[in-house]
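What follows is a set of notes on a single structure, which appears directly below.
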Amino acid sequence: MATDDEQESDRDRMITNLIVVAFVVALIGGGLWLANAMMHLRKGQDCALSGRRNCADISVPARDRY
């Protein structure tokens, strides 16, 4: 941080702003990843607690119509 005797330059403010923006973007990305992981975990737990035996996701390739 700049003291009273020093003036903060535009370059210093720009670098600080870029660091803060990168931190916020990383924080939002981590939050979205965590929410997605929790959603998948909840789906699996709901399936298992409802008494189903095969709760794995089944991926079926799309069939060709012609």
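Looking at ALA56, ALA48, which one is part of a loop (DSSP other than H, G, I, E, B) and either touching a Cys at 6+ places or on another chain (Cβ under 8 Å) or not acidic (Asp, Glu) (or both)?
Only one candidate passes the filter, namely ALA56.
Considering only residues that are surrounded by fewer than 10 Cβ atoms within 10 Å (Cβ to Cβ) and of a type in the set (Val, Ile, Thr), which ones fall in the range 12-66?
ILE58, VAL60
Quick note: the coordinates plus some simple rules give every number you see, no bench work behind them. Treat the numbers as computed from the prediction; the structure is a model and nothing was measured. So basically every Cβ, Gly included, is an ideal-geometry build from the backbone, and we count neighbours across all protein chains shown.
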